[in-house]
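The values are calculated or read from the model by the stated rules, or taken from the named source; none is laboratory data. Note that this is a predicted model, so its numbers are computed, not measured. With ideal geometry, Cβ positions are generated from the backbone for all residues, glycine too; neighbour counts draw on all protein chains shown. Quick note on the areas: whole protein, heavy atoms, side chains included, nothing else; ligands and nucleic acids left out. Shrake-Rupley method; radii C 1.70, N 1.55, O 1.52, S 1.80 Å.
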Amino acid sequence: FQKHEFFVDMTCEGCSNAVTRVLHRLGGESFDIDLPNKKVYIDSEHNVDTLLETLKKTGKNASYLGEKSTQ
């Protein structure tokens, strides 16, 4: 899987819970949420557009920052 890095405009625990909820619904994702830095790291077989659309379902601004190397 490719590890993708996204910016999501999260301000609180509720925001990160919303991100967790939509990603669980997508299924098969392994992800880390970095709330203080407003970043979400996702290991996924889904394409970037699918992941970005999913993150936008939280109602937050989301953007793709690029691939992270898994080293």
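Answer yes if at least one residue in region 60-68 is exposed (fewer than 11 other Cβ atoms within 10 Å of the Cβ) and either of a type in the set (V, I, T) or not in a strand (DSSP E or B) (or both), and no otherwise. Before you say what the answer is, go through the steps one by one.
Kept after step one, since they are exposed (fewer than 11 other Cβ atoms within 10 Å of the Cβ), are these residues of region 60-68: 66.
Add one more test, that the residue is either of a type in the set (V, I, T) or not in a strand (DSSP E or B) (or both), and what stays is none.
No, region 60-68 has no match at all.
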In region 21-37, anything part of a helix (DSSP H, G or I), at pLDDT 95 or above and surrounded by 14 or more Cβ atoms within 10 Å (Cβ to Cβ) is listed as V22, L23
In region 1-19, which residue that is among the β-branched types (V, I, T) and surrounded by 15 or more Cβ atoms within 10 Å (Cβ to Cβ) is nearest to E67 (Cα to Cα)? V8
Would you mind stating whether S63 is of a type in the set (G, A, S), under 16 Å from E5 (Cβ atoms) and at pLDDT 95 or above? yes
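Can you confirm whether region 39-54 contains a residue that is part of a strand (DSSP E or B), without any contact (Cβ under 8 Å) to a residue 24 or more places away in the chain and out of contact with any His (no Cβ under 6 Å at 6 or more places or on another chain)? Steps first, please.
Let us first name the residues in region 39-54 that are part of a strand (DSSP E or B), namely 39-44.
Okay, now just the ones that are also without any contact (Cβ under 8 Å) to a residue 24 or more places away in the chain, so none.
No, region 39-54 contains no residue that is part of a strand (DSSP E or B), without any contact (Cβ under 8 Å) to a residue 24 or more places away in the chain and out of contact with any His (no Cβ under 6 Å at 6 or more places or on another chain).
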What single numbered condition from (1) over 15 Å from T11 (Cα atoms); (2) open to solvent by less than 50 Å² (accessible area, probe 1.4 Å) fails to hold for V40? (1)
